[in-house]
Amino acid sequence: MDNLMQSMIKLVSMYKSSFNFIVIVLTISFSSYSQSIFGKWKTIDDETGKEKSIVEIYQSRDGKAYAKILELLEKDKQDKLCTNCKGKYKNRPIKGLEIINGLIKDDDEWNGAKILDPKTGKEYKCIISLEEPTKLKVRGYIGFALIGRTQYWHKVEN
């Protein structure tokens, strides 16, 4: 009888340890997911400080990051076209426009692709990094990363 009780106590202890392990793994998984570049972000104009748009950053099957404009926050620009853009983006609606195409994860940042500025129609090399769980640093540059502009985007809570 004592052996049976000891075996049951060991079994319960083992299940309790396994349960605690699963809870820890799930907690880490969810917290790291919530601290990613993926999701909806409110863009802020680095020159005026005004809120401009809601952009969704998503990951494709190839593991690269892409972003498109979901919503324009300036009411008078809802139907605006990308008149300054070139090639396939020329005269397309800004709303729905893919502005980042194919960033690759490199340690704590994403790079290796370009970002489109619909206002000027120009494309820049792009580096994105998470400053805080709800703050994204987006840097566009020509040539060297030291010469460029930085915007900070803020996570949109669902």
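Residues are listed down the side, and each one gets a yes or a no for (1) modelled with pLDDT of 90 or more; (2) basic (Lys, Arg); (3) in contact with a helix residue (DSSP H, G or I) (Cβ under 6 Å, 6 or more places away or on another chain):
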{"site": "15", "(1), (2), (3)": "no, no, no"}
{"site": "19", "(1), (2), (3)": "no, no, no"}
{"site": "22", "(1), (2), (3)": "no, no, no"}
{"site": "31", "(1), (2), (3)": "no, no, no"}
{"site": "47", "(1), (2), (3)": "no, no, no"}
{"site": "73", "(1), (2), (3)": "yes, no, no"}
{"site": "95", "(1), (2), (3)": "yes, yes, no"}
{"site": "99", "(1), (2), (3)": "yes, no, no"}
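Mind checking whether some residue in the stretch 104-114 is of a type in the set (Val, Ile, Thr) and touching a strand residue (DSSP E or B) at 6+ places or on another chain (Cβ under 9 Å)?
The answer is yes; a qualifying residue exists.
Limited to the stretch 114-151, what total is found for residues that are in a strand (DSSP E or B), of a type in the set (Ser, Thr, Tyr) and surrounded by 15 or more Cβ atoms within 10 Å (Cβ to Cβ)?
So the count comes out to 3.
Return yes or no: is residue 91 at positive phi and in contact with a strand residue (DSSP E or B) (Cβ under 7 Å, 6 or more places away or on another chain)?
yes
Which condition from (1) hydrophobic (A, V, I, L, M, F, W, C); (2) buried (at least 17 other Cβ atoms within 10 Å of the Cβ); (3) in contact with an Asp or Glu (Cβ under 7 Å, 6 or more places away or on another chain) is the one that residue 99 breaks?
Among (1) hydrophobic (A, V, I, L, M, F, W, C); (2) buried (at least 17 other Cβ atoms within 10 Å of the Cβ); (3) in contact with an Asp or Glu (Cβ under 7 Å, 6 or more places away or on another chain), the lone unmet condition for residue 99 is (3).
Scan the stretch 108-139 residue by residue and report those that are among the small types (Gly, Ala, Ser) and out of contact with any Ser or Thr (no Cβ under 8 Å at 6 or more places or on another chain).
112, 113, 129
Would it be correct to say that residue 106 is within 16 Å of the chain's Cα centre (by Cα) and in the same structural domain as residue 151 (by TED's automatic domain parsing)?
In short, yes.
Could you grab me the full set of residues in the stretch 67-89 that are among the hydroxyl-bearing types (Ser, Thr, Tyr) and within 24 Å of the chain's Cα centre (by Cα)?
Residue satisfying the conditions is 89 alone.
The values are calculated or read from the model by the stated rules, or taken from the named source; none is laboratory data. The structure presented is a predicted model; accordingly, all values stated were derived computationally and were not measured. Cβ atoms come from the backbone with ideal geometry, glycine included; neighbour counts cover every protein chain shown.
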